[in-house]
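What follows is calculated from the coordinates using simple rules that are stated; it is not laboratory data. Keep in mind the model is a prediction, meaning the values are calculated, not measured. FYI the Cβ positions are ideal-geometry reconstructions off the backbone, even for glycines, and counts take in every protein chain you see.
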Amino acid sequence: MAEYSYLVLYLPRGTSRDAARRILTDHAEYGSWELSRMRLYPDGSRKATLRRMIIRQARAQLGIRSAMGEEGLWTEQRGPWMGQRRLGPGRDG
């Protein structure tokens, strides 16, 4: 299931529709927010709830990683040789 972070904006009653649209467009364009809910109150003020998806980065595995799959293919190995990378066939090197 997706996780979202939320941002609530209160726009006072003197804010025009065009100004509110520009504010929401700027948040969407530069902050990757999307409009989740907009509420217009009887006095003319607005409450906008924006959301954006939280993207979690998977943890990287340390050690030997297979570049192309299973045994017999090339693997990338990292070792104590100052962070240099070398490629060798299979796991036996």
Scanning segment 44-60 residue by residue, those more than 18 Å from ASP18 (Cα to Cα) and either of a type outside the set (A, V, I, L, M) or free of Cβ contacts under 8 Å to residues at least 40 places away in the same chain (or both) turn out to be ARG51, ARG52, ILE55, ARG56, GLN57, ALA58, ARG59, ALA60
Every listed condition ((1) assigned to a strand (DSSP E or B); (2) closer than 14 Å to SER5 by Cβ; (3) free of Cβ contacts under 8 Å to residues at least 24 places away in the same chain) holds for HIS27 save (1)
Every residue from segment 30-53 that is within 23 Å of ALA2 (Cβ to Cβ) and polar (S, T, N, Q): SER32, SER36, THR49
